[in-house]
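The values are calculated or read from the model by the stated rules, or taken from the named source; none is laboratory data. Only a predicted model underlies this, so the values are computations on that prediction, with no experimental measurement involved. As a convention, Cβ positions derive from the backbone with ideal geometry for all residues, glycine included, and neighbour counts pool all protein chains shown.
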Amino acid sequence: MAFLSKAFFILAASTYVLCRLCKGKEARQRILLAASYLFYAWWDVRFLTLLIVQTTLAYGLALRIETERAKGRTERARILLAAGCTGCLLVLGFFKYFHFFLDTLMPLTGKTALSDFYIILPMEISFYTFQALSYLIDVYRENLTARRSYQKIALYISFFPQLVAGPIVRAGDFLPQLDRDVSMTRERFEEGIQIFIYGMIKKIVIADRLSVCVDSVFAAPACFGGLSILLAVLSYPIQLYCDFAGYSDMAIGTARILGYDLCMNFNLPFLAGNPSEFWHRWHISLSEWLQDYLYIPLGGNRMGTVRTAVNTMITMLLGGLWHGADWTFVAWGGINGLALAIHKWLKQRRKRNGTEKPDGYGMPCYFDVSVYLLYQDLFPGTEL
């Protein structure tokens, strides 16, 4: 079910009215959960079972992990966490990356027996898998109390406004909202409508219009002149941003109307002055997720320059693969990882030499690869 469809508007409006008519938070949450499952089943009802299995796995294991930790059995809790993470990632890997690994291995082995074997990718499995993983990890780290209510965990993982394109919701941000009776006020309704319309304008007026030109040029570049190709290349990041950020705004607006707050996912990323700042502005929920659950556990920047660069590359390569099962996404992640590693290395070098400058160099960028910083270090005292 797409956001900009009659079915979605009917579902959202009906859910809002029913929630306003209900006075108790438990009844409202049941309505929201039913709406979320209907939203997901609308695309393919068969994969609703997969969503429920992921939810049940996270719910049951989180309770067991908390119990084991309370009894001082940390090793058992760690084994349960590993089992839960492995299970979630295996499901994600099978549905999203089976064909990717198959297409990669087949040319090496010369076998084609499974080349026609087709697996349907469940809608937004990456988003709700990451949310289930963060819940398990936060409970293990004792940053969060495991909820006894299955309904709350199910609603957290399947909340329909953010199922299409995020943002990736943290259990620590969303579950406390389920513990209290949220307010569906007129002010929140008006704010939600404004945010939704803002996202809709990004998507329909800007992204969809630019895609007509960009797609035409990219489909047959030989038919266009140099200026048209240049404009298409410059327009594509804007199209991508407005498409993705538009969906995020519509999700945030819908949630606000229903009484819930979702995190900001984009913050003027093209005004970033360096790669690090860019990734604090672009797809913020994913960047923070990768930082907290992958980069920092790998060692972050606490283990020297080389290890910091390695950790950065691993994080960005996996981040690229998360976006899509294709080597182009891996390459994209590698380019951004290299840009981040160079920027961090140059920043540390400047700090050691006493020539550190504040973040942000007044240099708006699309995907800054630190060429400006590199030029300054190679040719000190000069300006571009």
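If only residues of the range 128-170 that are of a type in the set (Gly, Ala, Ser) and either in contact (Cβ under 8 Å) with a residue 60 or more places away in the chain or not assigned by TED's automatic domain parsing to the domain that holds residue 63 (or both) are counted, the one that is nearest to residue 64 (Cα to Cα) is 146. State yes or no: is residue 181 outside any helix (DSSP H, G or I) and surrounded by fewer than 18 Cβ atoms within 10 Å (Cβ to Cβ)? Against the criterion (outside any helix (DSSP H, G or I) and surrounded by fewer than 18 Cβ atoms within 10 Å (Cβ to Cβ)), residue 181 qualifies. Just a yes or no: is a residue in the range 32-39 surrounded by fewer than 14 Cβ atoms within 10 Å (Cβ to Cβ), touching a residue at least 40 places away in the same chain (Cβ under 8 Å) and outside the structural domain of residue 243 (by TED's automatic domain parsing)? No: zero hits. Can residue 288 be described as within 14 Å of the chain's Cα centre (by Cα) and charged (D, E, K, R)? Spelling it out, residue 288 is indeed within 14 Å of the chain's Cα centre (by Cα) and charged (D, E, K, R). In the range 316-337, the residue that is surrounded by the most Cβ atoms within 10 Å (Cβ to Cβ) out of those that are among the aliphatic types (A, V, I, L, M), in contact (Cβ under 8 Å) with a residue 12 or more places away in the chain and in a helix (DSSP H, G or I) is 316. Regarding residue 13, is this residue part of a helix (DSSP H, G or I), free of Cβ contacts under 8 Å to residues at least 12 places away in the same chain and among the small types (Gly, Ala, Ser)? For residue 13, the condition - part of a helix (DSSP H, G or I), free of Cβ contacts under 8 Å to residues at least 12 places away in the same chain and among the small types (Gly, Ala, Ser) - is met. Of all the criteria given as (1) under 19 Å from residue 56 (Cα atoms); (2) surrounded by fewer than 20 Cβ atoms within 10 Å (Cβ to Cβ); (3) modelled with pLDDT of 90 or more, the one not satisfied by residue 190 is (1).
The residues in the range 281-318 that are within 15 Å of residue 168 (Cβ to Cβ) and of a type outside the set (Ser, Thr, Tyr) can be counted, and the count is 11.
Going residue by residue through the range 132-145, is there one that turns out to be in a loop (DSSP other than H, G, I, E, B), closer than 17 Å to residue 290 by Cα and either modelled with pLDDT under 90 or not polar (S, T, N, Q) (or both)? The answer is yes; a qualifying residue exists.
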